[in-house]
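Please read the structure below before turning to the comments.
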Amino acid sequence: MTTDNPPEVKIITINIETPDGKLPTAKVKIPDIPMGLANLVPPMQQLCNGIVELAIKREIASGSAISCKKGCGVCCCQLVPLSAPEAFFLYGYIKSLPTERRTIIESRFNEIRKAMDSAGIIERLLKIEDTKEHKVLAWDYFKLAMPCPFLEDSSCSIHQIRPFACREYNVTSPAELCVDPFNNKIQRIKIPRNMTTATARLSADLCGVPPTLIPMTLLLEWVTENEAVGRLTWSGIWLFERMLEYATGTELEDKEEL
Ligand code: SF4
């Protein structure tokens, strides 16, 4: 009989100040086991929730009301950007689903991919060079009117694990304006720390590649093409500490928004 030594466990106390106030202090136990990019996502989702909650409180305190509600889902026809860790995380989720459910979700992804291809959007995405072109492309994507593969009965079927971009998208302008977010004046609440950008920067620096954002509707093929990256691991404690640095902006001071 062999007995393996249990992994070292470090208790990390998290104190994060944001321009909207301090997040509740949290103590987390991190085992020093190898962790990959996808493991970054659940703790960053918690941070993202805390930051968004404070931003919403700030808006409410200033007299605004949030128009977003369960069962709206109009914004879920937009191109959702994912960082690489989120792409691996959501891919893992899809692959863990029972076969029947997974087939339904994957077929929705395939349908959207086909529509993007017919509209020439995939070809243009590969050649994209500047922010202006990205906006035009995002508008053309929205015009396809293809709801997100996870949208069901106008609600998000993966609400607990939805991407950072979806958590951070909250508007105070009337909900009816969201039917055309590119031509109507939409007032999105300002989020002081963008977790999609922070996670994309962190994973790029870890892997020594330029930061990239992946359109959610192309995540299945992107992950297949980048499978080797998804298998990379780092010490769990070290990775968690890097995540905190990037999430709080320590490592981002001299870098531009993506
Ligand atoms: S993941 Fe959920 S919230 Fe985000 S676009 Fe899809 S259905 Fe909407």
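Six or more apart or on different chains, Cβ atoms under 8 Å: show the pairs whose first residue is in the range 149-166 and of a type in the set (Phe, Trp, Tyr) and whose second is within 8 Å of the ligand (Cβ to nearest atom) and part of a loop (DSSP other than H, G, I, E, B).
Close Cβ pairs satisfying both conditions: PHE150/SER157; PHE150/ILE158; PHE150/ARG162.
Just to verify a result, which residue in the range 183-222, among those that are in a loop (DSSP other than H, G, I, E, B) and within 16 Å of the ligand (Cβ to nearest atom), is surrounded by the most Cβ atoms within 10 Å (Cβ to Cβ)?
ILE191
Yes or no: the range 139-157 includes at least one residue that is surrounded by fewer than 19 Cβ atoms within 10 Å (Cβ to Cβ), touching a strand residue (DSSP E or B) at 6+ places or on another chain (Cβ under 8 Å) and on the phi < 0 side of the Ramachandran plot.
yes
In the range 65-124, which residue that is free of Cβ contacts under 8 Å to residues at least 40 places away in the same chain and of a type in the set (Asp, Glu) is nearest to ARG167 (Cα to Cα)?
GLU111
Considering ILE11, ILE60, ILE30, which residue is touching a Gly at 6+ places or on another chain (Cβ under 9 Å) and not in a loop (DSSP other than H, G, I, E, B)?
ILE30 is the lone residue from the list that is touching a Gly at 6+ places or on another chain (Cβ under 9 Å) and not in a loop (DSSP other than H, G, I, E, B).
Can you tell me which residue within the range 164-176, out of those that are over 20 Å from LEU144 (Cβ atoms) and outside any loop (DSSP other than H, G, I, E, B), is farthest from the ligand (Cβ to nearest atom)?
Applying the filter and picking the extreme gives GLU176.
Checking ILE161 against (1) aliphatic (A, V, I, L, M); (2) within 11 Å of the ligand (Cβ to nearest atom); (3) buried (at least 17 other Cβ atoms within 10 Å of the Cβ), which single condition isn't satisfied?
The failed condition is (3).
Do you know which residues across the range 139-158 are assigned to a helix (DSSP H, G or I) and either closer than 26 Å to ALA65 by Cβ or more than 14 Å from the ligand (Cβ to nearest atom) (or both)?
Matches in the range 139-158: TRP139, ASP140, PHE142, LYS143.
Checking the condition touching a strand residue (DSSP E or B) at 6+ places or on another chain (Cβ under 7 Å) and either farther than 23 Å from MET195 by Cβ or surrounded by 13 or more Cβ atoms within 10 Å (Cβ to Cβ) (or both), which residue from GLY92, GLY73, GLY63 passes?
GLY73
Coordinate-derived values only; no laboratory data. Here the structure is a predicted model, which means the values were calculated and not measured. Glycine gets a Cβ as well: all are built from the backbone with ideal geometry, and neighbour counts include every protein chain shown.
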